[in-house]
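Engineer: Take this structure first; my questions come after.
The values are calculated or read from the model by the stated rules, or taken from the named source; none is laboratory data. These numbers come from a predicted model, not from an experiment. Cβ atoms come from the backbone with ideal geometry, glycine included; neighbour counts cover every protein chain shown. Quick note on the areas: whole protein, heavy atoms, side chains included, nothing else; ligands and nucleic acids left out. Shrake-Rupley method; radii C 1.70, N 1.55, O 1.52, S 1.80 Å.
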Amino acid sequence: MSKIKTIAVENSSLDNVDFNNIPFGRVFSDHMFSAVYRNGEWQDLKICPTENINVHPAMMALHYGQSIFEGMKATVDQSGIPLLFRPEKHIERLNASARRMCMPEIPTDIFLEAIHRLVDFDKAWIPPQEGSALYIRPFVFATDEYIGVTASQNYRFLILTLPVGPYYSKPVSLMVERKYVRAVKGGVGEAKTCGNYAASLLPAKLAKEKGFDQVMWMDAHEFKYIQEVGTMNLFFVFKDRIVTPSTDGAILKGITRMSIIDYLKGEGHKVEEYPLTIDEVKEAYKKGELIEAFGSGTAAVIANISRIKDTDIDMQFDASHWKLSTEVKSFFNGVRIGKVPDKYGWIVPVNSQGN
Ligand code: COI
């Protein structure tokens, strides 16, 4: 017998949504999942209308940043069956973030049942268009009312869902960040925790003022090794191989990233993960041996990079060379809607019973 109670909205707001024109992150579907952690266990599990929550001004997440999240997607196949992309990898990563931030883990069965039941309940909110999806945002935060630096005893776990199109609607231009850093080895860069994103805002704003979409983060010790973009991991397509920076504790372990590596290897490409220097990228570009670069992430899926600017070079990537990224994107988008066979076993059909 499921422990998840269900309370449906009286009036759905679905009719107000234009699936052909959805601003990313601003439109929420009718229902959310909610659970509280109290006396050492997750309880009060429910699917309920998406609504405001009351918080005390001293809620610890607001003061000391114990707050973690995931980003996942649900799509529909050709016959309208909702599909999830690697949900088990997302609960593994959420719990890795929880451990790093000294927060309670979410039992895998609760997480998966909540996702399946919530997506099934709001399946009419999944945009059918290729490249669009229902973005799923599970998040956990500290709720003790306490001013003092210690781990909270109480937490809340919520899941929101949002119909979305692609996060980046056009190719992305990057500025190599030479002053600020996103994360250090031994820090929290590998955790999907809110402060990592807050730390990126000022550098991103300064880069935007210079005409770039995002910064490309470098390692915090030497500003020598490429890390990631913050909204996505990075891949560089050289003449004879594809390289993505190895995860070193300061880089988010992207689930799209790991899936792309599997796909490319499966297609017979040479894929390497190592601490990639910006100098190697620049040298290859100068010799004409860097074909393209792209970013990967749940929200971004696969985003072409149009430009990478460093202090001494402005690398431009021509759309006519975006062959591999186009192939990867079409495979991922196709698998997500059941148009392309799921040969890696990534897709999990939504089960209305949540198991
Ligand atoms: C995701 O890709 O799911 C993220 O959390 C990144 C953010 C740009 C939405």
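Engineer: I'd like the accessible area for E327: 1.4 Å probe, protein heavy atoms, all chains in place, Å² to the nearest 10.
Structural biologist: Surface accessible to solvent at E327 totals approximately 70 Å².
Engineer: Which one of N95, F331, Y168 has its Cα pushed farthest toward the positive end of the charge dipole of the chain, where Lys and Arg give +1 and Asp and Glu give -1 at the Cβ?
Structural biologist: Positive-most Cα among the choices belongs to Y168.
Engineer: Compute, for the stretch 172-321, the length of the dipole vector about the Cα centre, with Cβ point charges of +1 (Lys, Arg) and -1 (Asp, Glu) only. Units Debye, rounded to 20.
Structural biologist: On the way: 20 positive and 22 negative charges, 72 e Å.
Value, rounded to 20: 340 debye.
Engineer: Could you pull out every one of the lysines with an alpha carbon less than 23 Å from that of K170, ignoring same-chain neighbours closer than 8 positions?
Structural biologist: Reachable lysines: K73, K205, K208, K210, K309, K323, K329.
Engineer: For the chain, list log₁₀ I(q)/I(0) at each q in 0.07, 0.09, 0.14 Å⁻¹, using the Debye formula over Cα point scatterers of equal strength and ignoring solvent, two decimals each.
Structural biologist: -0.31, -0.51, -1.22
Engineer: Continuing with this model, one more query. Using a 1.4 angstrom probe on heavy atoms only, work out the carbon and sulfur share of the accessible area of the stretch 172-321 in %. Show your work: numbers first, answer last.
Structural biologist: Values: 3090 of 5990 Å².
Result for the stretch 172-321: 52 percent of the exposed heavy-atom area is carbon or sulfur.
Engineer: Averaged per residue, what accessible surface does the chain expose to a 1.4 Å probe, in Å²?
Structural biologist: Result: 45 Å² per residue.
Engineer: In percent, how large is the relative contact order of the chain, given Cα pairs closer than 8 Å and 6 or more residues apart? Mind dumping the intermediate values first?
Structural biologist: Numbers: 723 pairs, mean separation 70.6, N = 355.
About 20 percent, as a whole number.
Engineer: Something else now. At a probe size of 1.4 Å, how large is the accessible area of E283, to the nearest 10 Å²?
Structural biologist: Its accessible surface works out to 90 Å², give or take rounding.
Engineer: Related question: Let me know the Kirkwood hydrodynamic radius for the stretch 199-355, please, with Cα pairs as the basis and the value in Å to one decimal.
Structural biologist: On the way: mean 1/r = 0.0599 Å⁻¹.
After inverting the pairwise mean of 1/r, the radius is 16.7 Å.
Engineer: Which residue, chosen from A191, S246, Y146, occupies the Cα position most advanced towards the positive end of the dipole of the chain, where the dipole is computed from +1 (Lys, Arg) and -1 (Asp, Glu) charges on Cβ about the Cα centre?
Structural biologist: Most positive-ward Cα: S246.
Engineer: Carbon and sulfur together cover what percent of the accessible area of the stretch 1-124 at a 1.4 Å probe radius?
Structural biologist: Numbers: 3050 of 6400 Å².
Reported share for carbon and sulfur atoms: 48 percent.
Engineer: Given only helices, namely DSSP H runs of n ≥ 4 each adding -39500 (n - 2.57), what is the per-residue ellipticity at 222 nm of the chain, to the nearest 500 deg cm²/dmol?
Structural biologist: After summing the helix terms and dividing by residue count, I get -7000 deg cm²/dmol.
Engineer: To the nearest 10 square angstrom, how much accessible area does R100 have with a 1.4 angstrom probe?
Structural biologist: About 110 Å², ignoring ligands and nucleic acids.
Engineer: Turning to a different aspect of this structure: Quick one: compute the contact order of the stretch 288-355, relative version, from alpha carbon pairs under 8 angstrom and 6+ residues apart, as a percent. If you can, show how the numbers build up before the last one.
Structural biologist: Working: 50 pairs, mean separation 14.9, N = 68.
Value for the stretch 288-355: 22 percent.
Engineer: Report the Cα centroid-to-centroid distance between the stretch 40-116 and the stretch 325-355 in angstrom, as an integer.
Structural biologist: 21 Å
Engineer: Same structure again: Report, by chain and number, residues whose modeled amide H sits under 5 Å from the one on M175, excluding near sequence neighbours (fewer than 5 apart, same chain).
Structural biologist: For M175, whose amide H was placed from the backbone, the distant partners under 5 Å are Q214, V215, M216, K309.
Engineer: Hey, got the dipole for the chain? About the Cα centre, +1 on K and R Cβ, -1 on D and E Cβ, debye to the nearest 20? It would help to have the intermediate numbers written out before the result.
Structural biologist: Values: 41 positive and 43 negative charges, 55 e Å.
Dipole about the Cα centre, nearest 20: 260 debye.
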